[in-house]
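Read the structure below first, then the notes.
No value in this document is a laboratory result; all are computed from the given coordinates. What you see is a predicted model; the values in this text were computed from it and never measured. Every residue, glycine among them, receives a Cβ derived from its backbone with ideal geometry; neighbour counts consider all protein chains shown.
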């Protein structure tokens, strides 16, 4: 890989209950386990940070794919949900669900664009084959998901919900 940029951050304290700070101090957060995991919830957590990063990165990849395809992505959105749970043997894992809103595109074009973005996105490339990543296209109203697109396979495939 030809490195274009390196981000650095340091976590201190008690793991999920501590602080994290980027090397340039643009990011400085208090970390706290969520209430659902027995914490007080008075801070952010790694899953929220991962969700924000993946949503932003995928949205950027979506916009790049749109430029290449000359597609109108005005008003586009990406919602990321990161699930945390057990995977057996005392280990933990995450799964990701991305909801993509492309109100200017017909469903087929939106699905094609989401597949292209999934192949471009560095987060998708880093997680492919390691965790479940589900893509779905939001209805034009932005309220419901109607169809799943791709997964975490090397080549995304179309799946009906």
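In terms of the mean number of neighbouring beta-carbon atoms within 10 Å, the peptides 3-14, 120-131 order highest first as 120-131, 3-14.
Sorted largest first, the spans of the alpha carbon positions of region 1-44 along the three principal axes are 41, 22, 15 Å.
Taken over the chain, the convex hull of the Cα atoms encloses 155 Å³ per residue. Comparing 20, 65, 55 in a Gaussian network model of the chain where C-alpha atoms under 10 Å apart are linked, the largest mean-square fluctuation is found at 20. Each residue, residue 21 and residue 3, gets one label point 7 Å from its Cα in the Cβ direction; the gap between the two is 2.3 nm.
Evaluate the distance, in nm, between pseudo-label points positioned 7 Å from the Cα of residue 40 and of residue 87 along their respective Cα→Cβ axes. A separation of 3.1 nm, rounded to one decimal place.
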